[in-house]
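Peer 1: Sharing a structure, written as structure tokens. Questions coming.
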Amino acid sequence: MQRDVGSLPLAPALRARLVAAGFQTAQELLETGPCGLSKEIGISKEEALEALQVVRQECHGDAARTAGGSGATRKCTALELLEEEQAQGFIITFCSALDNILGGGVQLTKITEICGAPGVGKTQLCMQLAVDVQIPECFGGVAGEAVFIDTEGSFMVERVVDIATACVQHCQLIAEAHQEEDHLKALETFSLESILSHIYYFRCRDYIELLAQVYLLPDFLSEHSKVRLVVVDGIAFPFRHDFEDLSLRTRLLNGLAQQLIIIANDHKLAVVLTNQMTTRIGQSQSTLVPALGESWGHAATVRLIFHWDNSQRLATLYKSPSQKESTIQYHITSHGFRDVQPPAVTQNIEGTEMNPRKRPRREEEK
Amino acid sequence: MAAKKLRRAKLSQELCERLSRHQITTCQDFLCLSLLELMKVTGQSYYNVQKLLRKVSRACAPKMQTAYEMKLRKSVNPSSAFLSTTLHSLDKVLHGGVPCGSLTEITSPPGCGKTQFCIMVSVLATLPVSMGGLDGAVIYIDTESAFSAERLIEIAGNRFPTYFDSDEKLFCMTRSIHLYRELTCGSVLKRIMSLEEEIISKKVKLIVIDSVASVVRKEFDTKLQGNLAERSNFLARGASVLKYLAEEFSIPV
């Protein structure tokens, strides 16, 4: 209530007038009322009423925050966070080695960035995740939908059909092995058509369309509340060419990252971005580093780098707040993303009795 | 899309005039500004500016389609999804042939047969659909002057002797292959930019560029400092226009 007038989100001209007229706190504004306000500053009664409504909304928001209200507040104890994290699911990648180094899979409410040279498998992993996010809870998935924002045009529906068919077959095998009621019921809705119709695809041709789409995402997500994954395939592509003003690019990228973090937290979903690699020319040698510069490195919480080693594909966990840095091998088969040696069928997806969705944390093998 | 004028994004007239005084006329300018700058420029409150932002975004944002709709669309017209190369093992590996609607790149050391492949694919594209072709014209952008019309006729005559049995059919085919000789990067880029109208007017069903690397390597020496950025700029711009053309018209490039 003691909020300074200069900090209220009103139109700048109006704010300047209020300050010039001598108003200092929001409390004074509310006490004056719309008619008095319009007479003192010389604005119409409707404008005064609008301004007062904005002020009232702000003050209510402040009061709720200070009283420790549930939804809008961003403050809670670490114990509550721990319980939340343990109850949260992961999006598995069907490659158990990769899931292990990620601590269970792609985490919700976090931004994961995948960097790699062209052709190494980034889009494949994104398509795999878009299918895996829809796995029903009794099989260990999060039963959500997926939003796929494509800037490079490398999304192939035929490939998604292959991956989804393999995933459905995998779940069918598990259901047959265990013969449980809820497994069979979940399988009825988990089919190829339902998987494909829950992947929402946007094709953005340049950075303006990408920005516009991210601005509109919150509205889209409130209509489709079951979305648990947002994939942006190729966040570097529209920003890498045709940008003379690098400071504008940094500002737009930072704004984009902030909005994605807000979306990830508010709607409890995972955001996966793919980035390209660029060559940094050092004194004597050149190294491949993720594109978009140093400041972009702070945007993602978890960073995976895919690279080649002769003919074997490797994935390195480069940055993560809770897991240590390690490298694993993976394979891309006609069924999608897989381990180098096929793992045992039943062990990966079933969970403990405590929480059917969360897989047990295993000790690192090496 | 980005250059869309704000007037067409359904903003009010006075707001558009006010913004144009600050040199903001297109959606691109509007979306590039931060929220505080927008408040200053439009003179509106925070919440109103957010509403405006959403309105402008809606004018620029792409349409949503589910993967299922995409699959249905492709399965309705299966023959148009690929251009078969008539080499069975290659077609099998490529899942049907050269995909329509995306870029395909062919690389190899010199002398392996890239230009021959391009010439053969051009012939295939002019064949009618019943024979596995696309029944359309071909735009061939040649930067090495390696295209030989005689070789084209030789391939057509020997490969499909039953179809090209008369000279008239051969002439018809050669008439539908439009060859452009471009020798510098700038002219290649200009040619790519101007392709959109030509594709519609000539009913083009295939674009071949032979080759991208030769003209780029001639002009940009990577040892010089600034050239690397300029070269990648040129390549990226060309690539994005080609991708747009491929997707928009569903043709292979």
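Peer 1: Among residues belonging to the range A:71-80 that are modelled with pLDDT of 80 or more and not small (Gly, Ala, Ser), point out the one that is farthest from A:Ile262 (Cα to Cα). Step through it out loud before you land on a result.
Peer 2: Initial filter on the range A:71-80 (modelled with pLDDT of 80 or more): A:77-80.
Among the residues that remain, those that are also not small (Gly, Ala, Ser) are: A:77, A:79-80.
Values: A:Thr77: 20, A:Leu79: 22, A:Glu80: 20 Å.
Checked the range A:71-80; the qualifying residue farthest from A:Ile262 (Cα to Cα) is A:Leu79.
Peer 1: Looking only at the range A:279-304, filter to residues that are without any contact (Cβ under 8 Å) to a residue 24 or more places away in the chain and among the charged types (D, E, K, R); which one of those is nearest to A:Val230 (Cα to Cα)?
Peer 2: Taking the candidates together, the pick is A:Glu294.
Peer 1: On to the next question. Is it the case, given these coordinates, that A:Arg228 is surrounded by 14 or more Cβ atoms within 10 Å (Cβ to Cβ), within 11 Å of another protein chain (Cβ to nearest Cβ) and of a type in the set (D, E, K, R)? Break it down into steps so the answer makes sense when it comes.
Peer 2: Details: surrounded by 14 or more Cβ atoms within 10 Å (Cβ to Cβ): yes; within 11 Å of another protein chain (Cβ to nearest Cβ): no; of a type in the set (D, E, K, R): yes.
Considered against the rule, which asks whether it is surrounded by 14 or more Cβ atoms within 10 Å (Cβ to Cβ), within 11 Å of another protein chain (Cβ to nearest Cβ) and of a type in the set (D, E, K, R), A:Arg228 comes out as no.
Peer 1: Moving on to the next point. Here is a list: A:Gly104, A:Gly89, A:Gly121. Which entry is in contact (Cβ under 8 Å) with a residue 12 or more places away in the chain and more than 19 Å from the chain's Cα centre (by Cα)?
Peer 2: On the way: A:Gly104 fails: more than 19 Å from the chain's Cα centre (by Cα); A:Gly89 fails: more than 19 Å from the chain's Cα centre (by Cα).
Only one candidate passes the filter, namely A:Gly121.
Peer 1: Are any residues in the range A:165-192 within 14 Å of chain B (Cβ to nearest Cβ) and either on the phi > 0 side of the Ramachandran plot or at pLDDT 85 or above (or both), and if so, which ones?
Peer 2: Result: A:Thr165, A:Cys167.
Peer 1: Of the numbered conditions (1) crowded, with 22+ Cβ neighbours inside 10 Å; (2) part of a helix (DSSP H, G or I); (3) in contact with a strand residue (DSSP E or B) (Cβ under 9 Å, 6 or more places away or on another chain), A:Phe239 fails exactly one; give the number of that condition.
Peer 2: The one condition A:Phe239 does not meet is (3).
Peer 1: Next up: Just checking, which of B:Ile106, B:Ile119, B:Ile141 is closer than 30 Å to B:Glu182 by Cα and either at pLDDT below 80 or assigned to a helix (DSSP H, G or I) (or both)?
Peer 2: Details: B:Ile106 fails: either at pLDDT below 80 or assigned to a helix (DSSP H, G or I) (or both); B:Ile141 fails: either at pLDDT below 80 or assigned to a helix (DSSP H, G or I) (or both).
Result: B:Ile119 is the single residue among B:Ile106, B:Ile119, B:Ile141 that is closer than 30 Å to B:Glu182 by Cα and either at pLDDT below 80 or assigned to a helix (DSSP H, G or I) (or both).
Peer 1: I'm told B:Val215 meets every condition in (1) surrounded by 13 or more Cβ atoms within 10 Å (Cβ to Cβ); (2) in contact with a strand residue (DSSP E or B) (Cβ under 9 Å, 6 or more places away or on another chain) except one. Can you identify the failing condition by its number?
Peer 2: Tallying (1) surrounded by 13 or more Cβ atoms within 10 Å (Cβ to Cβ); (2) in contact with a strand residue (DSSP E or B) (Cβ under 9 Å, 6 or more places away or on another chain), B:Val215 fails exactly one: (2).
Peer 1: State all residues of the range A:109-121 that are hydrophobic (A, V, I, L, M, F, W, C) and either surrounded by fewer than 23 Cβ atoms within 10 Å (Cβ to Cβ) or not assigned by the TED database to the domain that holds A:Val231 (or both); if no residue qualifies, say none. Walk me through it before giving the result.
Peer 2: Our first condition is that a residue be hydrophobic (A, V, I, L, M, F, W, C); within the range A:109-121, this holds for A:111, A:114-115, A:117, A:120.
Hits for the range A:109-121 are A:Ile111, A:Ala117, A:Val120.
Peer 1: The conditions are (1) modelled with pLDDT of 85 or more; (2) surrounded by fewer than 20 Cβ atoms within 10 Å (Cβ to Cβ); (3) assigned to a helix (DSSP H, G or I); (4) more than 15 Å from the chain's Cα centre (by Cα), and A:Thr316 fails exactly one of them. Which is it?
Peer 2: (3)
Peer 1: Let me ask you something else. Among the residues of the range A:272-299 satisfying the criterion of being of a type in the set (Ser, Thr, Tyr) and part of a strand (DSSP E or B), which is nearest to A:Leu102 (Cα to Cα)?
Peer 2: Looking only at the range A:272-299, we keep the residues that are of a type in the set (Ser, Thr, Tyr), and these are A:274, A:278-279, A:284, A:286-287, A:295.
Imposing the further condition that a residue be part of a strand (DSSP E or B) reduces the set to A:274, A:278-279, A:286-287.
Numbers: A:Thr274: 16, A:Thr278: 25, A:Thr279: 26, A:Ser286: 29, A:Thr287: 25 Å.
By that ranking, first place goes to A:Thr274.
Peer 1: Can you name every residue in the range B:35-46 that is at the interface with another protein chain (Cβ under 7 Å from one of its Cβ atoms) and at negative phi?
Peer 2: Within the range B:35-46, the first condition is being at the interface with another protein chain (Cβ under 7 Å from one of its Cβ atoms), and the residues that meet it are B:39-40, B:43-46.
Matches in the range B:35-46: B:Met39, B:Lys40, B:Gln44, B:Ser45, B:Tyr46.
Peer 1: What are the residues in the range A:122-141 that are modelled with pLDDT under 85 and crowded, with 22+ Cβ neighbours inside 10 Å, if any?
Peer 2: A:Cys138, A:Phe139, A:Gly140, A:Gly141
Peer 1: Among the residues of the range B:122-131, which ones are of a type in the set (Val, Ile, Thr), more than 22 Å from B:Lys243 (Cα to Cα) and either at pLDDT 80 or above or more than 24 Å from the chain's Cα centre (by Cα) (or both)?
Peer 2: Kept after step one, since they are of a type in the set (Val, Ile, Thr), are these residues of the range B:122-131: B:123, B:126, B:129.
Then keep just the ones that are more than 22 Å from B:Lys243 (Cα to Cα); that gives B:123, B:129.
Selection gives B:Val123 alone.
Peer 1: Could you please let me know if A:Leu248 is loosely packed, with under 14 Cβ neighbours inside 10 Å and either facing another protein chain (nearest Cβ under 9 Å) or over 15 Å from the mean Cα position of the chain (by Cα) (or both)? Let's see the steps before the verdict.
Peer 2: Working: loosely packed, with under 14 Cβ neighbours inside 10 Å: yes; either facing another protein chain (nearest Cβ under 9 Å) or over 15 Å from the mean Cα position of the chain (by Cα) (or both): yes.
When the stated conditions are applied, A:Leu248 passes them.
Peer 1: Please go through the range A:263-295 and pick out each residue that is exposed (fewer than 12 other Cβ atoms within 10 Å of the Cβ) and within 14 Å of chain B (Cβ to nearest Cβ).
Peer 2: A:Thr279, A:Arg280, A:Ile281, A:Ser286
Peer 1: Yes or no: A:Gln312 in the same structural domain as A:Val231 (by the TED database) and touching a strand residue (DSSP E or B) at 6+ places or on another chain (Cβ under 9 Å)?
Peer 2: On the way: in the same structural domain as A:Val231 (by the TED database): yes; touching a strand residue (DSSP E or B) at 6+ places or on another chain (Cβ under 9 Å): yes.
When the stated conditions are applied, A:Gln312 passes them.
Peer 1: Now, a different point. If we scan the range A:204-212, do we find a residue that is buried (at least 19 other Cβ atoms within 10 Å of the Cβ), in contact (Cβ under 8 Å) with a residue 40 or more places away in the chain, in a strand (DSSP E or B) and within 14 Å of chain B (Cβ to nearest Cβ)?
Peer 2: No, the range A:204-212 has no match at all.
Peer 1: Restricting to the range B:53-66, give me the number of residues that are assigned to a helix (DSSP H, G or I) and either at pLDDT below 80 or within 9 Å of chain A (Cβ to nearest Cβ) (or both).
Peer 2: At the first step, the residues of the range B:53-66 found to be assigned to a helix (DSSP H, G or I) are B:53-60.
If we keep only those that are either at pLDDT below 80 or within 9 Å of chain A (Cβ to nearest Cβ) (or both) too, we end up with B:53-54, B:56-60.
Matching residues across the range B:53-66 total 7.
Peer 1: Out of the residues in the range B:67-98 meeting the condition of being within 25 Å of A:Glu145 (Cβ to Cβ) and surrounded by fewer than 17 Cβ atoms within 10 Å (Cβ to Cβ), tell me which one is modelled with the lowest pLDDT.
Peer 2: Pass one, the range B:67-98, residues within 25 Å of A:Glu145 (Cβ to Cβ): B:67-76.
Okay, now just the ones that are also surrounded by fewer than 17 Cβ atoms within 10 Å (Cβ to Cβ), so B:69, B:72-73, B:75-76.
Numbers: B:Glu69: 80, B:Leu72: 78, B:Arg73: 74, B:Ser75: 71, B:Val76: 68.
Filtering first and then ranking leaves B:Val76.
The values are calculated or read from the model by the stated rules, or taken from the named source; none is laboratory data. The shown structure was predicted, so the numbers you read here are calculated from the model rather than taken from an experiment. Backbone-built Cβ (ideal geometry, glycine too); neighbour counts: all protein chains shown.
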